[in-house]
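S.K.: Okay, here's the structure, questions in a sec.
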């Protein structure tokens with residue numbers, strides 16, 4: 001589904017990714033773990049097409065299509081979703097209007113009709129209950145005045161609403177309490193299926209107590225230095241990253 005082939009990437013002229021190769025088949029959840037500065041967020045932004053993240057070599061394909069030359073909105077229309085580590089605020093834009101506009105833009109790009117106002121309200125209220133957001137939050141400006149945990153819940157609301165083909169979750173667990181961690185796990189597990197894939201980026205094993213990955217990869221020094229099953233995350237929790245930093 002998502003194939004990353006010998007990906008090299010730079011930010012501000014400095015090479016951060018130094019040959020990342022990764023294959024996440026449809027129906028699987030893969031986790032990437034690693035120390036600070038290893039290139040985890042750079043990898044997520046590069047795959048999503050964020051401005052300023054330059055691909056210097058290698059490639060990325062989604063469902064067999066090379067997406068490196070596509071703009072971020074075109075990648076999103078193909079079914080790629082990125083959950084941010086630090087979600088942004090958009091003053092002056094109501095949450096429900098923002099999400100409905102984004103959802104309809106994706107539907108239009110896929111040749112589908114717009115969702116009606118009634119169907120949208122019914123759907124967003126259903127998904128908001130799943131992530132623990134009340135109607136009052138949906139009527140506020142997008143993420144303005146929200147706590148860190150509420151912003152992460154809003155990210156999960158968008159994931160549940162858009163139902164992407166492939167979701168990258170960039171340290172979504174950062175700053176979350178136990179209840180919010182469980183909520184993230186519930187959303188991901190509800191969306192798991194044979195036609196969807198996930199790449200979960202995290203520092204810690206605790207999120208993986210709720211989202212059981214099919215494979216775990218260690219990213220250090222801009223490269224994948226080790227891959228294994230779920231037990232690898234438990235090993236990292238005990239032994240830390242020093243051995244992989246030295247190897248990188």
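The values are calculated or read from the model by the stated rules, or taken from the named source; none is laboratory data. Worth saying up front: this structure is predicted, and the values here are computed from it rather than measured. Using ideal geometry, Cβ is built from the backbone for each residue, glycine included, and neighbour counts are taken over all protein chains shown.
S.K.: Just to check your reading of the model, which residue among 176, 159, 130 is part of a loop (DSSP other than H, G, I, E, B), in contact with a helix residue (DSSP H, G or I) (Cβ under 7 Å, 6 or more places away or on another chain) and closer than 25 Å to residue 31 by Cβ?
M.R.: Working: 159 fails: part of a loop (DSSP other than H, G, I, E, B); 130 fails: part of a loop (DSSP other than H, G, I, E, B).
One residue alone meets the criteria, 176.
S.K.: Tell me, which helices (runs of 4 or more DSSP H) lie completely within the range 1-119 with 1 or more residues that are more than 20 Å from the chain's Cα centre (by Cα)? Steps first, answer last, please.
M.R.: On the way: elements: 40-48, 72-77, 95-109.
Answer list for the range 1-119: 95-109.
S.K.: Separate question: Suppose we filter the range 196-216 for residues that are surrounded by fewer than 22 Cβ atoms within 10 Å (Cβ to Cβ) and within 20 Å of residue 21 (Cβ to Cβ); how many remain?
M.R.: Matching residues across the range 196-216 total 2.
S.K.: Let me ask something else about it. Checking residue 40 against (1) free of Cβ contacts under 8 Å to residues at least 12 places away in the same chain; (2) crowded, with 16+ Cβ neighbours inside 10 Å, which single condition isn't satisfied?
M.R.: (1)
S.K.: Residue 80 versus (1) closer than 27 Å to residue 157 by Cα; (2) buried (at least 19 other Cβ atoms within 10 Å of the Cβ); (3) out of contact with any helix residue (DSSP H, G or I) (no Cβ under 7 Å at 6 or more places or on another chain); (4) modelled with pLDDT of 95 or more: which is the lone unmet condition?
M.R.: The failed condition is (3).
S.K.: Of (1) buried (at least 16 other Cβ atoms within 10 Å of the Cβ); (2) not in a strand (DSSP E or B), residue 193 satisfies all except one. Which?
M.R.: (1)
S.K.: Take residue 87 and decide whether it is in contact with a helix residue (DSSP H, G or I) (Cβ under 8 Å, 6 or more places away or on another chain), farther than 19 Å from residue 160 by Cα and touching a residue at least 24 places away in the same chain (Cβ under 8 Å). Give the steps one after another, and end with the answer.
M.R.: Details: in contact with a helix residue (DSSP H, G or I) (Cβ under 8 Å, 6 or more places away or on another chain): yes; farther than 19 Å from residue 160 by Cα: no; touching a residue at least 24 places away in the same chain (Cβ under 8 Å): yes.
Against the criterion (in contact with a helix residue (DSSP H, G or I) (Cβ under 8 Å, 6 or more places away or on another chain), farther than 19 Å from residue 160 by Cα and touching a residue at least 24 places away in the same chain (Cβ under 8 Å)), residue 87 does not qualify.
S.K.: Inspect all residues belonging to the range 100-116 and state whether any of them is in contact with a helix residue (DSSP H, G or I) (Cβ under 6 Å, 6 or more places away or on another chain), modelled with pLDDT under 95 and farther than 24 Å from residue 128 by Cα.
M.R.: Yes, because at least one residue in the range 100-116 is in contact with a helix residue (DSSP H, G or I) (Cβ under 6 Å, 6 or more places away or on another chain), modelled with pLDDT under 95 and farther than 24 Å from residue 128 by Cα.
S.K.: Looking at the range 133-156 only, could you name the residues that are assigned to a helix (DSSP H, G or I) and either surrounded by fewer than 21 Cβ atoms within 10 Å (Cβ to Cβ) or touching a helix residue (DSSP H, G or I) at 6+ places or on another chain (Cβ under 8 Å) (or both)?
M.R.: 135, 136, 137, 138, 148, 149, 150, 151, 152, 153, 154, 156
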